[in-house]
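J.: Here's a structure for you.
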Amino acid sequence: MKILVPVKRVIDFNVKIRVKADNSGVETANVKMGMNPFDEIAVEEAVRLKEKGKATEVIAVTIGPAQCQDLLRTAMAIGADRSIHALFDGETQPLGVAKTLKAIVDQEKPDMVILGKQAIDGDNNQVGQMLGALLGWGQATFASKVELGAGSVNVTREVDGGLETLQLKLPAIITTDLRLNEPRYATLPNIMKAKKKPIEPFDAAAKGVDLSPRIKTLRVDEPGSRKAGIKVPDVATLVDKLKNEAKVI
Amino acid sequence: MPTYKAPLTDMQFLLNDVFDASQLAKLPGYEEATPDMFQSILEEGAKLCEEVLLPINQSGDIEGCTFKDGVVTTPKGFKEAYETFTQGGWMGLSCSKEFGGQGLPLLLNFLLDEMVCSANLSFGMYPGLSHGAYNAIEKHGVQELKEKYLPKMVTGEWSGTMCLTEPHCGTDLGLIKTKAIPKGDGSYSISGTKIFISAGEQDLTENIIHLVLAKLPDAPPGVRGISLFLVPKFLVKDDGGIGARNGAVCGSIEHKMGIKASATCVMNFDNATGWLVGVPNKGMKAMFTMMNEARLAVGLQGLGIAEVAYQNGLSYAKDRLQGRGLKGAVFPDKVADPIIVHPDVRRMLLTMKSITEGARALAVWVGMNLDIETKHTDATTREEAGELVALLTPITKALMTDHGFDAANLAVQIMGGHGYIREYGVEQFVRDARITQIYEGTNGIQALDLVGRKMPERFGRMLRRFFWPCAEFIKENSSNPAFADILPNFAKTFQRFQMISLLMAQRSFANPEEAGAAATDYLRGFSLLVLGYMWLLMVKTAHGKLADASEKSFYESKLKTADFYFAKVLPEINARMMNIQAGSKPVMGMSADLF
Ligand SMILES: Cc1cc2nc3c(=O)[nH]c(=O)nc-3n(C[C@H](O)[C@H](O)[C@H](O)COP(=O)(O)OP(=O)(O)OC[C@H]3O[C@@H](n4cnc5c(N)ncnc54)[C@H](O)[C@@H]3O)c2cc1C
């Protein structure tokens with residue numbers, strides 16, 4: 001039972017995002033980067049499955065520049081066994097990433113791919129779904145609970161109406177939601193062990209994958225500042241305003 | 001609640017660019033300590049400090065430790081945080097691999113210590129004291145004691161304490177009364193009262209290993225008659241399991257100004273069974289080897305507080321709108337300007353920043369030399385590194401702890417009334433920082449250590465370990481345009497300070513009170529000089545890096561901060577030199593009854 005976990009390098013979730021002066025994107029120079037929090041949950045889930053004896057190998061994968069190696073080390077410090085790094089210096093977009101991941105899946109033949117439901121930079125929420133389609137595998141997105149059976153997996157999903165539990169045949173795609181687990185702090189011995197675990201390069205272009213961006217960003221702006229609120233005298237007025245002015249209920 | 005982000009960029013700058021810490025990986029046993037390993041470890045350590053230790057700092061201060069029937073309860077969340085910390089292996093970072101540690105450089109532990117103390121000084125006391133006890137046993141204990149106690153201290157399952165102080169003696173340990181009587185089976189029966197024992201009792205660990213200074217029946221009087229003993233709270237069975245309760249019991253805990261989540265205990269030893277660590281009557285010597293490292297660790301506590309105080313003062317100064325810039329509104333669209341426009345607020349911020357960053361550089365320099373002293377293959381290199389560390393230890397301890405308190409005070413001042421009240425958490429920093437100037441040898445005692453012990457030792461050889469590289473730097477860079485504004489002045493000051501050192505040595509030779517009267521001024525002056533040298537090294541590096549556009553603002557900030565240091569902080573050394581020159585008469589000329 002092999003699990004593949006793709007991870008993305010994004011601006012650290014603690015950092016206050018600033019838009020570049022020329023509105024071409026957000027400022028990334030001199031900004032602390034880290035692992036997409038949803039991906040950290042994915043790594044944690046895969047490692048827990050391994051610790052429970054249900055999975056045998058966890059492989060972390062990333063697509064991005066050389067600095068992404070830090071991320072793979074982090075994943076391996078949490079407990080991934082080895083890593084694959086598809087070096088790419090430009091902007092990564094969902095379809096290119098999904099296609100690269102498909103090529104890696106073809107090579108590694110995992111039984112399951114656990115991804116973050118979205119990356120906190122683009123908030124696209126697409127890669128897991130696209131990969132499912134490209135592979136023709138079943139997918140369960142927004143997982144809040146994962147129970148592995150024999151040849152199948154039960155996934156509880158967080159949907160608008162509440163919780164929904166799906167059973168999928170393996171191999172399958174799972175994308176993680178925030179409540180799936182609380183990622184651990186890597187231990188010092190594991191940080192040191194991670195350094196000795198292998199990172200293999202993966203040449204996406206050689207496999208015929210085109211990672212070049214297909215979507216062009218025209219302009220990025222800061223969200224407008226919030227307008228001052230008002231105080232209403234009582235609940236009745238509040239309900240009335242919500243109904244007739246804001247038209248939300 | 002205060003906020004904190006570990007200064008990882010500054011640490012990387014010092015490790016990789018100013019002092020080439022990658023050379024540590026060439027020392028035997030440190031092969032794994034490569035720069036990228038440093039980075040991974042510091043990043044994870046930072047996360048732990050920011051996310052686990054910081055959130056229980058203020059609540060720990062408000063709740064404090066409680067005592068009932070001999071049992072001490074630490075504040076809410078401390079037990080869980082201690083588990084996260086120890087299970088993560090952080091306790092064993094620089095402990096020997098032989099006993100289950102990671103065997104990483106002490107320098108790395110220095111930086112971790114700084115972050116822990118920024119996030120939660122009280123919490124840091126528990127692993128900190130264990131570390132001190134671990135060092136003493138590892139350096140002076142027999143193999144049997146080491147194998148029995150150290151592995152569980154490294155995992156953090158057991159903790160350690162240092163029991164020196166007694167009601168009638170703190171600084172003057174020659175006066176201690178605690179007795180140790182041989183039981184004939186190789187163990188000793190220890191009886192006496194120790195006070196102010198940090199972590200003497202707590203609910204975090206299954207056992208507590210006390211290191212106790214006591215006197216043997218035939219001991220010579222004074223400090224030459226003190227021996228060191230290992231006294232566990234629970235006796236340990238041969239299979240390593242927990243045995244009977246030993247006669248080492250906490251009588252009460254102190255109510256105190258700060259570090260309220262660290263239990264400060266009265267410890268009653270009543271025929272407790274203990275084992276000798278090291279040689280009979282040589283306990284002070286054993287204590288001292290370990291105390292030097294502990295003094296450096298206390299210095300880092302000061303640095304930690306200074307950093308977190310600065311960060312909170314700074315963010316407040318950028319947010320708080322009050323008054324207008326003296327040359328007119330700087331932010332006309334706001335109701336008032338943020339207080340960071342005011343010269344006096346900037347003076348406070350820059351004082352904090354320039355001394356904190358200089359002190360961090362000093363920590364890295366000392367930490368690296370400590371590692372060279374322990375691991376280098378060449379005996380002369382080891383000895384020289386050891387001399388530098390010994391010289392800089394009292395300076396590091398006193399400078400950094402004085403600065404920790406000063407910086408915390410400045411943070412309060414920057415926040416005005418909002419600093420004085422509890423909400424923002426900076427008044428806690430003032431209270432917490434205050435003890436660091438007192439324990440592990442008061443800062444007055446550090447000054448005496450510098451002038452009385454380190455200066456005369458080997459006819460001033462230790463002084464050379466600092467004076468020589470500093471002189472060389474000045475010579476090498478005298479025509480470097482990057483230093484045109486600062487170096488000539490610094491060189492003059494440096495020369496004058498060497499003269500003053502000579503004058504002091506001569507005067508104290510004739511009259512030891514001269515050294516005593518000048519000690520604190522001398523230590524402070526020396527500290528300012530050392531910080532100056534640290535800033536010179538940083539300026540040189542930052543200059544070379546200015547072209548690196550992605551980090552330009554970081555290097556610019558370094559250079560501006562250096563300008564402030566040389567123009568506005570260093571000149572204090574002149575007053576200190578005048579004080580030294582004035583001699584001991586103004587201090588000693590008045591008889592006690594005239595006070
Ligand atoms: C919160 C806290 C935690 C502590 N933790 C521990 C611990 O874990 N283990 C432990 O053993 N102790 C501990 N201590 C004790 C601490 O180390 C002592 O308080 C300290 O060493 C000073 O001793 P003292 O209080 O007896 O002061 P004194 O020695 O009475 O000193 C009083 C003043 O006189 C000055 N002075 C004394 N002698 C000289 C001299 N020869 N020349 C010049 N000036 C002198 C001192 O600098 C000081 O200003 C702790 C204390 C506190 C408050």
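J.: On alpha-carbon atoms, Rg over Rh for region B:447-588 using Kirkwood Rh?
T.: Looking at region B:447-588, the ratio lands at 1.05.
J.: Within region A:2-219, what percent of beta bridges assigned by DSSP are antiparallel, to the nearest 5?
T.: Here the antiparallel bridges make up roughly 40 percent for region A:2-219.
J.: Under a Cβ-Cβ cut-off of 12 Å, what is the net charge of the residues other than B:Trp90 that fall near it, where Lys and Arg count +1 and Asp and Glu count -1?
T.: -2
J.: Right, another one. Can you compute the helix-only [θ] at 222 nm over chain A? Use -39500 (n - 2.57) per DSSP H run of at least 4 residues, normalise by all residues, nearest 500 deg cm²/dmol.
T.: After summing the helix terms and dividing by the residues of chain A, the value is -8000 deg cm²/dmol.
J.: Quick one: helix B:572-581 against the long Cα principal axis of chain B, what's the angle to the nearest 10°, folded into 0 to 90?
T.: The angle comes out near 60 degrees.
J.: Here's something else I'd like to know. Run the numbers on chain A and let me know its relative contact order in percent, using alpha-carbon pairs under 8 Å that are six or more apart.
T.: The normalised contact order for chain A reaches 24 percent.
J.: Then there's this: Under a Cβ-Cβ cut-off of 14 Å, what is the net charge of the residues other than B:Ile41 that fall near it, where Lys and Arg count +1 and Asp and Glu count -1?
T.: Residues close to B:Ile41 contribute a combined charge of -3.
J.: Of all beta bridges DSSP finds with both residues in the protein assembly as shown, what is the antiparallel percent, to the nearest 5?
T.: 60
J.: Same structure, new question: Relative contact order for chain B: what is it in percent, counting Cα pairs under 8 Å that are at least 6 residues apart?
T.: 13
J.: Moving to a separate point now. For chain B, divide the Cα radius of gyration by the Kirkwood radius and give the resulting Rg/Rh value with two decimals.
T.: 0.97
J.: Listed highest first by mean packing, meaning other Cβ atoms within 10 Å per residue, what order do B:396-408, A:153-165, A:60-72 come in?
T.: So the peptides B:396-408, A:153-165, A:60-72, ranked by packing, come out B:396-408, A:60-72, A:153-165.
J.: Still on this structure, I have one more. Among the listed pairs A:Lys2/A:Lys193; A:Lys197/B:Lys79; A:Lys52/A:Lys207; A:Lys52/A:Lys197; B:Lys194/B:Lys285, which have their C-alpha atoms separated by more than 23 angstrom in this model?
T.: A:Lys197/B:Lys79; A:Lys52/A:Lys207
J.: Next question. Please turn the phi angles of region A:15-22 into ³J(HN,Hα) values with the Karplus equation 6.51 cos²θ - 1.76 cosθ + 1.60 (θ = phi - 60°), one per residue in order, whole Hz, x for glycine and proline.
T.: Taking θ as phi minus 60°, the curve returns 7, 7, 6, 10, 7, 4, 4, 8 Hz for region A:15-22.
J.: In this model, which of A:Lys145/B:Lys76; B:Lys146/B:Lys237; A:Lys54/A:Lys99; B:Lys353/B:Lys454; B:Lys215/B:Lys282 are farther than 19 Å apart at the alpha-carbon?
T.: A:Lys145/B:Lys76; A:Lys54/A:Lys99; B:Lys353/B:Lys454
J.: Can you give me the angle between helix B:35-48 and the longest principal axis of chain B, using Cα atoms only, in degrees from 0 to 90, rounded to the nearest 10?
T.: 80
J.: Find the relative contact order for region A:106-249 and round it to a whole percent, using C-alpha pairs within less than 8 Å whose residues are 6+ positions apart.
T.: 19
J.: Let me ask something else. What order do you get for B:Leu204, B:Leu8, B:Leu14 when you list them from fewest to most C-beta neighbours inside 10 Å?
T.: B:Leu8, B:Leu204, B:Leu14
J.: List the aspartates and glutamates whose Cα sits under 20 Å from the Cα of B:Lys492, skipping any in the same chain fewer than 8 residues away.
T.: Partners within reach: B:Glu472, B:Glu476, B:Asp521, B:Asp563, B:Glu572.
J.: Would you list B:Trp535, A:Trp137, B:Trp158 from fewest to most Cβ contacts within 10 Å?
T.: Ordered from fewest to most neighbouring Cβ atoms within 10 Å, B:Trp535, A:Trp137, B:Trp158 come out as A:Trp137, B:Trp158, B:Trp535.
J.: Now for a separate question. What do you get for the angle between helix A:94-108 and the principal long axis of chain A? Use alpha-carbon atoms, 0 to 90 degrees, nearest ten.
T.: Orientation of helix A:94-108: about 30 degrees from the principal axis.
J.: What list do you get for B:Cys117, B:Cys65 if you sort them by fewest beta carbons within 10 Å?
T.: B:Cys65, B:Cys117
J.: Just to confirm a number: summing +1 for Lys and Arg and -1 for Asp and Glu over residues other than B:Leu8 whose beta-carbon lies under 10 angstrom from that of B:Leu8, what do you get?
T.: With Lys, Arg at +1 and Asp, Glu at -1, the net is 0.
J.: Helix-derived [θ] at 222 nm for chain B: sum -39500 (n - 2.57) over DSSP H runs of at least 4, divide by residue count, nearest 500?
T.: Calculated mean residue ellipticity at 222 nm is -17500 deg cm²/dmol.
J.: Using a 10 Å cut-off around each Cβ of peptide A:182-188, what is the average number of partner chain Cβ atoms that fall inside?
T.: If you average over the peptide's residues, the count of other-chain Cβ atoms is 6.
J.: Using amide H atoms built 1.01 Å from N in the peptide plane, name the residues 5+ places from A:Ala140, or on other chains, whose amide H lies under 5 Å from its own.
T.: Close amide H contacts, sequence-distant or interchain: A:Ile173, A:Ile174, A:Thr175.
J.: Enter the mean number of other protein chain beta carbons within 10 Å of the beta carbon of each residue in A:26-35, as an integer.
T.: Mean number of neighbouring Cβ atoms from other chains: 2.
J.: When Cβ neighbours within 10 Å are restricted to other protein chains, what is their mean count per residue of peptide B:544-551?
T.: Partner-chain Cβ atoms within 10 Å, mean over residues of B:544-551: 1.
J.: Another question about this same structure. What are the trypsin sites (Lys or Arg not before Pro) within region A:1-71 that DSSP puts in a loop, where the Cβ has at most 11 other Cβ atoms within 10 Å?
T.: Of the trypsin sites (Lys or Arg not before Pro), the ones in loops of region A:1-71 whose Cβ has at most 11 other Cβ atoms within 10 Å are A:Lys16, A:Lys52.
A short reminder: the numbers here are calculations on the coordinates, not readings from a lab. Please read these numbers as outputs of a predicted model, since none were measured by experiment. Cβ atoms come from the backbone with ideal geometry, glycine included; neighbour counts cover every protein chain shown.
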